[in-house]
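The values are calculated or read from the model by the stated rules, or taken from the named source; none is laboratory data. This is a predicted model, so every value here is computed, not measured. Backbone-built Cβ (ideal geometry, glycine too); neighbour counts: all protein chains shown. To get the accessible areas, we keep the full protein, side chains included, count just its heavy atoms, and leave off ligands, DNA and RNA. Shrake-Rupley method; radii C 1.70, N 1.55, O 1.52, S 1.80 Å.
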Amino acid sequence: HPRVRRQRQMCIRDRVHALKEYGIPGVKLSTFLDSKSLLECAQKNQYDLVILDIQMPPPDGYEAAVRLREMNPKTLIIFFTNSMDYSLAGYGVAFRYLSKPIEKKTFFTALDAAVREIMANRFVFSVDGESYVLSMDEIYYVEVFNHHTVLHTVDREYTFRSTLKEVLSQLPAGYYGSPHQSYVVNFSHIKTATAQELHLTNGVTIPISRRRQREFTEQFYAYLGR
């Protein structure tokens with residue numbers, strides 16, 4: 001119905017305004033008036049966080065959430081709802097349930113929790129004043145020299161000022177290691193390894209220094225056996 005559609009559009013505008021006010025660096029927002037459009041786009045794009053109304057034309061928010069999680073189990077779902085009847089059925093699907101009317105403070109608290117969850121597997125950095133947020137899986141390796149860092153990823157390279165210690169402090173323990181004083185490597189992208197060098201899945205060869213060989217090898221085998 002046109003009136004219902006207009007009300008839904010106003011509600012979406014309010015949420016987008018609140019998200020912009022909250023201010024998450026490097027985030028791209030997409031809005032949809034129905035779950036069908038969302039699911040079509042989700043087949044081509046992976047979403048870290050999806051905020052859904054449960055009550056909407058079929059498929060409803062709960063059905064859409066189940067399908068989204070099938071496409072990407074890491075997607076976090078925040079439900080807006082007039083009723084908590086779905087809370088038991090949605091156990092294991094929803095990250096948070098928020099009862100309408102939604103207070104901004106409550107919404108921001110839920111966003112705080114979602115951002116902490118998402119950022120646990122993200123690397124955040126700035127280049128020329130612009131913030132970037134990358135999935136850890138996108139990173140092949142990091143090269144550091146003279147306080148400059150080159151981040152080698154699936155799509156491109158990023159250069160910014162940082163030290164090896166600062167980079168390592170932001171990466172999850174057990175998934176990255178430093179085989180050399182100038183490199184940090186993503187264990188998941190190691191294709192083959194010898195005592196002297198690593199061969200990554202993107203074809204790059206990384207040296208292993210004698211001083212770091214034992215520690216790095218132990219870390220890598222711990223990763224393989226996790």
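Annotations
- Pair list, Cβ under 7 Å, 6 or more apart: region 108-123 residue open to solvent by 30 Å² or more (accessible area, probe 1.4 Å) and modelled with pLDDT of 80 or more, other residue of a type outside the set (Gly, Ala, Ser) and assigned to a helix (DSSP H, G or I): PHE108/TYR22
- Close pairs from region 62-76: first farther than 12 Å from TYR47 by Cβ, partner loosely packed, with under 14 Cβ neighbours inside 10 Å and not hydroxyl-bearing (Ser, Thr, Tyr), Cβ under 7 Å, at least 6 apart: TYR62/ALA89
- Here region 168-201 is the region considered, the condition is being open to solvent by 80 Å² or more (accessible area, probe 1.4 Å) and in a helix (DSSP H, G or I), and the residue that is farthest from PHE125 (Cα to Cα) is SER169.
- When region 45-72 is filtered for residues that are out of contact with any Asp or Glu (no Cβ under 8 Å at 6 or more places or on another chain) and open to solvent by 60 Å² or more (accessible area, probe 1.4 Å), the ones remaining, listed by number, are ASN45, GLN46, ASP48, GLN55, PRO58, GLU63, ARG67, ARG69, GLU70, MET71.
- SER126 vs. criteria assigned to a strand (DSSP E or B) and touching a Pro at 6+ places or on another chain (Cβ under 7 Å): no
- Entirely in region 1-82, the helices (runs of 4 or more DSSP H) that have 2 or more residues that are at pLDDT 85 or above and in contact with a Gly (Cβ under 8 Å, 6 or more places away or on another chain): 61-71
- Looking only at region 203-225, and only at residues there that are closer than 15 Å to VAL142 by Cβ and modelled with pLDDT of 95 or more, the one that is least open to solvent (accessible area, probe 1.4 Å): ILE206
- In region 202-217, the count of residues that are assigned to a strand (DSSP E or B) and in contact (Cβ under 8 Å) with a residue 24 or more places away in the chain is one or more.
- Annotation: GLU103 fulfils all but one of (1) at pLDDT below 85; (2) under 22 Å from the mean Cα position of the chain (by Cα); (3) surrounded by fewer than 12 Cβ atoms within 10 Å (Cβ to Cβ); (4) acidic (Asp, Glu); the unmet one is (2).
- Given (1) acidic (Asp, Glu); (2) at pLDDT 80 or above; (3) loosely packed, with under 13 Cβ neighbours inside 10 Å, index of the condition ASP85 fails: (2)
- Filtering region 124-149 to residues that are in contact with a Phe, Trp or Tyr (Cβ under 8 Å, 6 or more places away or on another chain), surrounded by fewer than 16 Cβ atoms within 10 Å (Cβ to Cβ) and within 19 Å of PRO207 (Cβ to Cβ) leaves only HIS148.
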